[in-house]
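Derivation of every value follows stated rules applied to the coordinates shown; laboratory data play no part. If you're wondering where the values come from, they're calculated on a predicted model, not measured in any experiment. As a convention, Cβ positions derive from the backbone with ideal geometry for all residues, glycine included, and neighbour counts pool all protein chains shown.
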Amino acid sequence: MDKRERLIQKLRNIAVQTPTAILEVPEKVEGFGSIKYRPEPCSVCKKCIEACEVEALDIDFTVQLPAYLDATIPEGGFRSKNRETLISLLQTLKGEGDVQAISVPTGLAGYGSVVWFTEKCIACNKCVEACPEDCLDLEKQYDLPTIIGDVVTPPSISITEWEPFIICFVCWECSHAAADLAGLMHLHYPANIRTVRVPCSGAVEPIQIMTAMENGVDGVLVTGCLLSECHYGGDDPLAGNFMQQDFVHFWQSVFEEIGLGGRLHIDFASAAMGIRFTEIVTEFVERIKKIGPSPLRGKLEVES
Amino acid sequence: MNIDSLNTSRFLRNDFKPRLARCELIAVTPTSISSDLEFRNWILKQPEGETLLRCYQCGRCTSACPIAEIDHSFNPRLFLEKVILADESLAENQLIWTCLTCEQCEVRCPEHVKIPQILILAKVRGLVSGNTPETALDRARSILSQGRTIQVSEPMLKTRDKMGLPSLGNPPVKQLAKALKELGLAEKLENIKSIYGGDGDE
Amino acid sequence: MKKLFLCTCNGTLNKLLDFTKIGKEVKALYDVVEVVDNLCLEEGLTKLEKGLSEDDRLAIGACSSQIIGVPMKQRIKNDLVTFVPLREQVGWVHVEEKESATNKAIVLLSDASVQLDHMESPTEFTESVVDRVLVMGGGIAGLKAASDLHRLGVEVTLLEPSGQNNERYLQTSVFMSDTDTLINELQAIQKTLKKVERFEGTFGEVTGQTGSYDVTLNGVNGNEKIREYGAIIVASGNQQYLPRSAKKMRHGKSERVVTLDSLMSRLKKKRAKESSTILVAVDFDAPMFSVEGSHLLRSTRNLATRGYTIIVVHSDIRTEDENLYREARDSGVIFIRGKVTRIRENEKGLTCRIENTLESMEREVIADLVAIPQMVGPVNETALLADKLGVDCDNNGFIRTRYSKMKPVQTSRRGIFVAGGAKMPMSLSDAMASAQNAVLEAFKVVRSPLTRSGWIPVIDDEQCDVCKACLEACPNDALRLMDDRIVHVPAHCEFCGICVSACPTRAIEFQSHRKESWFARFEAVATTHRRLEGKKPFSFVFACSECANASIDQAGFAGKQYGTGSYVIQFPCAGMVSPIEILKGLVVGAEHVIVAHCPPGGCHHQTGDHLSELVVSFTRDMLREIGQDPERVQATYMIAAMPEKMQKEVPVRG
Amino acid sequence: MGDTVVVVGAGLAGIQVSHQLADLGLKVHLVEKEATVGGLSAHLGKVFPTDDCALCLDACEELFSGHHRRCQYRSLLGNQKKLNLHTLTEIKSIKQDGGRFSVSLKTTPRYVMLDRCVVCLECINVCDVEVPDEMNLGRVMRKAIYRSIPQGVPLAPVIDMNSCTKCTKCVDVCKVGAIDLEQRSKTRTIKADAVVLATGVEERSPSILPGYAYGLCKDVLTQRELARLLDSTGATNGKVLTASGKQVESVTMILCAGSRDLNAIDYCSQACCTYSLKHAIMLREQGVGVTICYMDLRVPLHSHSFLERARESDVTFVRGKPDHVIVHEGSPVTIVEDTEALKRLEIESDLVVLASPLVPHAAEKEVFNSFLGDYGFAARHDAPKGIYACGTATGPTDIPASVAEANAVALEVYMALKGGA
């Protein structure tokens, strides 16, 4: 199983409610998106399929007649001249009634369409670049409902004595120092967090967040250097913490959809901000306390 | 070339199903073919017996046979098959005496098998065990006693005279009797009892 | 100049067609319109030639192009000529409807005019060929082919499997003939092979095309050889197989059960000691080939004459030589038509139970030995070899020939021929004849440069997506992928146009038959038809230029009458028709479109019949979905032997 | 060495060998005694193993680089540069003369000039004489000027002088003056370097076997005659009717009707099993019941699908050789023993079709006698130097084998005349 499939598996594992919304993917978040395919100009040249490294595209031996009949042929026409002629002829001949896709007889070359498997796609855009007909587009949308599918809500359990358990990713540079400083200053913050040191907040991978959630933590906190002060990129918009911020926002919206709203948070503190670090942790713990224990605990309990 | 090691499954001709389903097996226990093929070899050694070898069981004799037309159990082709397989039960089969020796089969046989002759040979084999109608035995005995198969009566001779036919002459009865005696046939003829029983007049 | 010549065929056609009206109607379309009485005769041809310049475009409205085409082409140099069969496809078949027939003639002539506008000169190629042939020989056919080619002065390499010697040649060919004939033949051929290059090893790979195939050969001692060959002859030969029933006959379990051939070599020339009985059990479920049958008869005859008692249990006896069967019976072999059902072994021998179908009873016989005749099949390597060469095999594993009736040695790939047992088991004389066939064809390939001329598919690299649909569709390996481009191999092209119908982007266009030309022609037919016939419905018959068109001509010859209103448009092959042409036909107003192809499996270009059936069923599916009556589009086959099929199927839909 | 070859007989093998030799650059004279080419195959409509037209040929190289097979009438036969076709021509004698042969030919008149005729067929329309058409079992009428096979090459009609009344209507209607009723026989001698016999076979007349009621009952036919009924250009447009015009509902086929029989023809004709199966399938397609009486089914590998299809389409197989056919109330009844069921059957059917053995054409001709061997067939290999034989002239075979043999002979002739040490 490749990484993407593992991630999706984990997402499905931690989902506690059926998602409904198609999510916008923040600008800097790469690797997530939707391929929009227009079958009408497609010549089924399979270039996209060849370009795709993760087998997220395949040939489908059907002809998307509805799309053909709805298509508007642009002024210069399609690059696939024969397809264009076929479509305009079909449109001329269109009679009454509904239209459905039809399958191509086995052995007839030159017809078909392309199917895209969202769970395999890493939104690398290679197919879009390979397509000579311009029938593929990468859209910054993430079709969560399709990926997660129907979710069975895990049984809720009654917990009397509960303290939140939180994983906190701290970056090697500033926020780890901030936590150290908080200690040096003898500042108090709740004991509910366990820090995990990472080289940069940008290095926290979604799969790690999901793994933490999967194991029943009540919240995940990511802390990094102050924005524009990342040690790996500084004020570059693609610096680690800028990136991670967008990612976390994306995952927050995902969490919202799958019933884990509010359990993921990102914040920033420099090495000199021991107090800020304390505040961040305290606020997050308070928030988790309000939300209550992770609904996945019930699931874990059943499984054990 | 070691053929056992070859892949035999690749080269299959499973496209053809010969008909065996219609074969209704009459005998429950299989009949053995005698390993010395004595009956067959005996027939082959007799005059015109070797024409048997040519038979390829086309069945034309049976469809030509006037007896088979009436009696469906009379089947010259089947008789030949039995001889080919040295099945001596044929010699004991009363049916072979039904043959008229009309030679229709022989004339039609595409491979020139002397079918009536082979049936006669089978009859000869059957004699010993008594597969002979009494009339046939009578005729044989008549040869022994008179040198003729048919008894010659006075009126018959008169009629012949009237018609201007030549005299029949006298058959060499004594020599015949002597010869048959030497062969041991005379004695056999005395002792053979027809399994058909009765007066044997058909 | 665009010129139209109409022939009255000895003044008979003008009784059926109104030439004055025709002349008036088409005057605007042609620069010159002339009516000639006998165009195919000397006087007609002289008239035609008069004032003709080489770049004139000609339309000939006369008899079928197949009749007038030959004398015309032999006489005039013009390439841009189209024929309208006014006699076989109009005058003779619409005797009852003279006015409509005249109108049909006008419609077809206006179609011809459009056709001329789009016509291009055919492309000519000359390709050099290598005067060398590779023979892959496993047996006597390979030797014969190599020897004959050598005698013809063609350079030959004979590729033989390792360890091949006369002994082995004899062994692998044992079923072909009696041993003495085989030995004599083998020795005679081996003598002529002294100067032929012989290479021991296996076949590596092949690239290139007919006339120049690049071949890699791998020698037994690791040496590799790369050579260019003009043609390749595959004579990989046969091998013997145990039938499926062998196991049931206790082969491998009992020492008394052996193959017939091993028995023959074991008992070589020995006389039977006592009367030992050998039961020969033929696999009842696998019919014999004649070759196997003859071999069985020869073997059993030889055993029987040596005093063994032979019982053959068999189904149909097949042989080319009835006398062999006769001799086997004469020598005393006992034939039982039936099946061996069970074999038990004890100290006395093998007790075999036989279902005798001709007695309808079971028999039991105690045999000293059971012999199993082997089946003859292709050598094991044939499938692999065929794959490397890019030629097809049939479902028995033999190399398939292109057209089993008339082309005995052509494989599915041009320039590669099959000889002898690799095609099917053959007797010695057939195998020799087969080798000679292959030699003849190979010789015809290598003896002179390949010159070809015709309208070819033209590939526009700019437009091409390299989707390879054309490669998949081309039945003749005439398109190849080279350096990420599709390249046309004229030496293999049959000018069928199947590639064009497969291309989604219109990167391949067929000379003179570009898509616009079809469209323009359909429109011309439709508008002319409407102008002359008003609302009377009409249909298109897209006929392949081989069987279907011949069948339509035949209907004319046989005087079969059918209604007007159907217009025959000739395609080089029905496989060239794509849904686009069919739909366009409907769009311009045709009531029906019928695609007529060669009989199933009988396409002259191998796959056109099948492809056009697929295209039509696909188009019908589309029509059904978009709410049109799919019955308006039909595919059918028409052959010259069945003109009445054409008569029946066309007017009904007209 | 010279390069002129005379090919005797323009059946499939003769045409094939001529095309090949002409392609190889030799000069060929193809001599055919009938008015059109095609030989026995031209009578057959559809042929196995490909189940397509009997007319299909391997085209010569001159035509479209020889890539395509073509209908006979669309091939270049008669127009090919190196190939001269002589129809209605018989060989009078073949004399060996040093290394060469002088072959004398006699051409009987066609009364229609091939170089003038434009095949407008008006002459046939105006002819008043009607005689039964022997090509189609005499069941339809033809004119005195006629074409026995509509697509036969040459396409021009021929006049049957036995029935022609010389009314000159055809002469008058023919504006190109192609008809000459006074045409005379012509003889010519060709110096040839090789002669190829492709004289072919014909069905032995079954009237020699009185048992099968051939000639007695009009509904007893041979397989070739059945082919004429099944051929859609034939008398009945492909419908199988009895002599009285009734739709046939059942057919009994008798295989080996006179072959593998020491009383008649003792060899096996090889091709009859398969063409009988082919006809059986065509009959089943029309809904006609078919019973086949056989001894051994001898179907070559390339035609095995015919046997499968016949079995699938419920053809009844009876293993047994019928002895005779009796006529009962006008219909033939076949008497046969079903040897696998030990039953004597009397099969009533509308039609009985005999697979009559194929016998050589050449046998009756003194000209060839010295070249012929057993049964009147020529041996391909043992022929005297310079005389070759191919196709069914060497023994009955099917089309694929004939064609293969023709090609082989073409190579042998070429090697003998043009090269090959």
For Cα pairs less than 8 Å apart in space and 6+ apart in sequence, what is the mean separation divided by the residue count of segment C:1-119, i.e. the relative contact order in percent? 33 percent
What is the angle, in °, between the Cα long axis of helix C:643-652 and the longest principal axis of the Cα atoms in chain C? Nearest 10 is fine, range 0 to 90. 50 degrees
When a/c reaches 1.5 or more, the comparison of a/b and b/c decides; with that in mind, is segment A:166-303 rounded, prolate or oblate per its Cα gyration tensor? oblate
Those residues of segment D:2-31 whose amide nitrogen sits under 19 Å from the label point placed on residue D:385, 7 Å along Cα→Cβ: D:2-6
Past the 52 angstrom mark, what percentage of all C-alpha to C-alpha distances in the protein assembly as shown do you count? 48 percent
Roughly how many Å is it from the Cα centre of segment C:234-261 to that of segment C:132-208, as a whole number? 26 Å
Enter the angle in degrees (range 0 to 90, nearest 10) between the Cα long axis of helix A:174-184 and the first principal axis of the Cα atoms of chain A, meaning the one along which they spread out most. 20 degrees
Cα centroid separation, segment A:247-287 to segment D:159-189 (Å): 112 Å
All aspartates and glutamates inside 13 Å of residue D:343 as judged from Cα atoms, apart from same-chain residues fewer than 8 positions distant: B:24, B:69, B:71, C:359
Estimated FRET transfer efficiency (residue C:205, residue D:216; beta-carbon r; R0 60 Å; 0.05): 0.35
Lys and Arg at +1, Asp and Glu at -1: add these up for the other residues within a Cβ distance under 12 Å of residue A:252 and post the number. -2
Dividing the Cα convex hull volume of chain D by residue count, how many Å³ per residue is that? 149 Å³
Could you list, in their original order, any pairs among B:45/B:193; C:535/C:560; C:73/D:175; C:21/D:143 whose Cα atoms are separated by more than 29 Å? C:21/D:143
Too-long pairs where the Cα-Cα distance tops 27 Å, listed order kept, from B:82/B:181; C:144/C:444; B:123/B:188; C:47/D:106; C:444/D:95: B:82/B:181; C:47/D:106; C:444/D:95
Would you please give the residues with an amide H less than 5 Å from that of residue A:169, counting only those at least 5 places away or on a separate chain, with H modeled from the backbone geometry? A:196, A:221, A:222, A:223
Enumerate the calculated ³J(HN,Hα) couplings along segment A:158-167 in order (Karplus 6.51 cos²θ - 1.76 cosθ + 1.60, θ = phi - 60°), each rounded to whole Hz, writing x wherever the residue is Gly or Pro. 8, 10, 8, 8, 10, 10, x, 10, 10, 9
Note: residue A:215 to residue A:70 extended length (0.36 nm per residue) minus current alpha-carbon separation gives 47.4 nm
Taking amide hydrogens as modeled 1.01 Å from N in the peptide plane, which residues meet the under 5 Å criterion relative to residue C:320, leaving out close sequence neighbours? C:294
If the chain between residue A:6 and residue A:20 were fully extended at 0.36 nm per residue, the gain over the current Cα-Cα distance would be 2.9 nm
Simple spin-label estimate for residue B:168 and residue C:223 in nanometres, 7 Å along Cα-Cβ: 9.8 nm
Determine ³J(HN,Hα), in whole Hz, for all residues of segment D:75-92 in sequence, where each value follows from phi through the Karplus function 6.51 cos²θ - 1.76 cosθ + 1.60 and θ = phi - 60°; x replaces Gly and Pro. 6, 8, 3, x, 10, 5, 5, 9, 10, 9, 9, 10, 9, 6, 10, 10, 8, 8
Mean Cβ-within-10 Å packing, highest first, puts peptides C:202-209, C:541-548, A:33-40 in the order C:541-548, A:33-40, C:202-209
Compute the distance from the alpha-carbon center of segment D:319-377 to that of segment D:99-151, in whole Å. 31 Å
Positive end of the dipole of the protein assembly as shown, charges at C-beta (+1 Lys, Arg; -1 Asp, Glu), about the Cα centre: which of C:600, A:296, C:424 has its Cα farthest in that direction? C:424
Aspartates and glutamates within cross-link reach of residue D:166: Cα-Cα under 15 Å, excluding same-chain residues under 8 positions apart? D:128, D:130, D:180, D:182
Modelled FRET efficiency - R0 56 Å, residue A:275 with residue A:117, Cβ distances, 0.05 increments: 0.70
Contact order relative to length of chain C, as percent, for alpha carbon pairs under 8 angstrom and 6 or more apart: 13 percent
Add +1 for every Lys or Arg and -1 for every Asp or Glu among the other residues with Cβ under 14 Å from the Cβ of residue A:238, and state the total. -4
Let a ≥ b ≥ c be the square roots of the eigenvalues of the Cα gyration tensor of chain C; is it rounded (a/c under 1.5), or, if not, prolate (a/b larger than b/c) or oblate? prolate
Scoring segment A:34-139 by relative contact order with C-alpha pairs under 8 Å, at least six apart, yields a percentage of 50 percent
Let's test this: bin the Cα-Cα distances of segment C:1-119 at 5 Å from zero up to the farthest pair and state each bin's percent. 2, 12, 25, 26, 21, 10, 3, 0
Nearest-0.05 FRET efficiency for residue D:370 and residue D:329 at R0 = 41 Å, using Cβ-Cβ distance, is 0.20
Using +1 on the beta carbon of Lys and Arg, -1 on that of Asp and Glu, and nothing else charged, what's the dipole of the protein assembly as shown about the Cα centre, debye to 20? 5680 debye
What is the dipole size for segment C:79-235, taken about its Cα centre, with +1 at each Lys and Arg Cβ and -1 at each Asp and Glu Cβ, in debye to the nearest 20? 760 debye
Set of aspartates and glutamates near residue A:36 by C-alpha distance (under 12 Å), chain-local residues within fewer than 8 positions excluded: A:134, A:137, A:139, A:143
Surrounding charge for residue C:466, neighbours by C-beta under 15 angstrom, Lys/Arg +1, Asp/Glu -1, total -2
Take residue A:96 and residue C:451, extend 7 Å from each Cα along the Cα→Cβ direction, and tell me the distance between the two endpoints in nm. 6.4 nm
Determine the shape class of segment A:106-176: with a ≥ b ≥ c the square roots of the Cα gyration tensor eigenvalues, call it rounded for a/c under 1.5, and otherwise prolate if a/b is greater than b/c, oblate otherwise. oblate
In nm, to one decimal, how far is the modelled label at residue B:157 from the one at residue D:312, with both set 7 Å along Cα→Cβ? 8.1 nm
Against the longest alpha carbon principal axis of chain C, how many degrees, from 0 to 90 and to the nearest 10, is the axis of helix C:608-625 turned? 60 degrees
